[in-house]
Every structure is written in C-alpha cells, then in structure tokens.
Amino acid sequence: MKNLLSMLGIAAFTMVASLAVLAPVGADAADGEEAKTAETLAKVKAYISMPKLEEDNCVVTLKADKESYAAGEKPVLTVEVKNDGKEAVEKSITVSMSTRDLESRGRMPAMTVVVWSKTTTVKVAAGETASVTLETGTEVDARKANSFSMSGNKEEVVKEARLRKALEEVVRKNTN
C-alpha cells in the first residue's frame, strides 16, 4: 500500500511539474509582460536608432507616441530640443523612418529603405526647451523591420549615418 501511495504521489508531482514546464510562455502574463497572443505578436516595436543627439549646446531627443504599433498604424514622432547655451539657437533636425524586409530572398541581406523623411527647424531661446510633433503619414508594415532616426546640422553625426550615406551614394551611382 505504501508503494502505491508513493507512486501516485510521484506521478502527481511529475504531472504538475510537466504542466508548469510545458505551459505556453506568457499565456497568463503574470510577470507583468503583455500576453503573447496573435494580436500582440503582430505589433511592431518602435525602434529609434538614434534617440538622443547633442550638438550646438543643445540636447535633442526623439520619441515615438507608442512603444509598439499594429500593422497599418501611422507613427507620430516628437522632437524635443533643450538649449543649454547662453544664446538662442535655430536647430535644423532631419527625422526619418526606414524599413527593411524581414525575409531575405537571396544571399544578401535586405537593404534598408527610407520611406519617410522630414526636416524641421526649431527655434529655442537660451535655457528653454521646445518640441515639435511630426506625423509620418506612413503605415507600419508588420512584415518589415521599422526604425526611426534623426540627424542634426552636422553632416556626419554617427557611424550609422556615415555608413548609410556611403551606401546611398553607391546605390545612386549604380542605378544611374
């Protein structure tokens, strides 16, 4: 009788442990994360490749209106310029949205394509902060990697911008 009870106890423990291990991850979202459903997996995270830029005694930040987007939504971006200098400044900021196919159809990775770009000028008094809201008007595609970036007055801000510029020149030369 003791052996039977021991075997039933071990079987019950094994079953509970198996269910805990094999249960779908995120199904109950008890850890504070969003449950992994078809709707949440279809959302596209707003990736900002350059969220902060410092130049001309200013700190420029780029923010998206949401953390993630459903396919077809049009992101709205906010550029905030904080002038830490002693003189008023007029900042010219270029913000762009790029996409890249997630499925590679060859040996080469998919090229990143700029699908939206806007240059705006922000006037900021000394010690003040100003912000501009930009509506992209471009829908997010769930089958593509979407990213946002910005650049300022300086022609080459970061390695990524220099690389993108060189790549665009090569593509432009080869297509003409």
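The values are calculated or read from the model by the stated rules, or taken from the named source; none is laboratory data. This structure is a prediction, so every number in the text was calculated from the model and none was measured. Counting neighbours? That spans all protein chains shown, and the Cβs are built from the backbone with ideal geometry, glycine included.
Here is a yes/no grid of residues against (1) of a type in the set (Ser, Thr, Tyr); (2) within 18 Å of Lys63 (Cα to Cα); (3) in contact (Cβ under 8 Å) with a residue 40 or more places away in the chain:
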| residue | (1), (2), (3) |
| --- | --- |
| Gly85 | no, no, yes |
| Met97 | no, yes, yes |
| Arg100 | no, no, yes |
| Arg105 | no, no, no |
| Thr112 | yes, no, yes |
| Val122 | no, yes, yes |
| Ala125 | no, no, yes |
| Thr129 | yes, yes, yes |
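Starting from residues that are in a strand (DSSP E or B) and small (Gly, Ala, Ser), keep the ones in the range 75-128 and report whichever is farthest from the chain's Cα centre (by Cα). The qualifying residue farthest from the chain's Cα centre (by Cα) is Ser92.
Screening Glu160 against (1) part of a loop (DSSP other than H, G, I, E, B); (2) modelled with pLDDT under 85 leaves a single unmet condition, (1). Here Ser131 meets the list (1) within 25 Å of Ala166 (Cβ to Cβ); (2) part of a strand (DSSP E or B); (3) among the polar types (S, T, N, Q) almost entirely, failing just condition (1).
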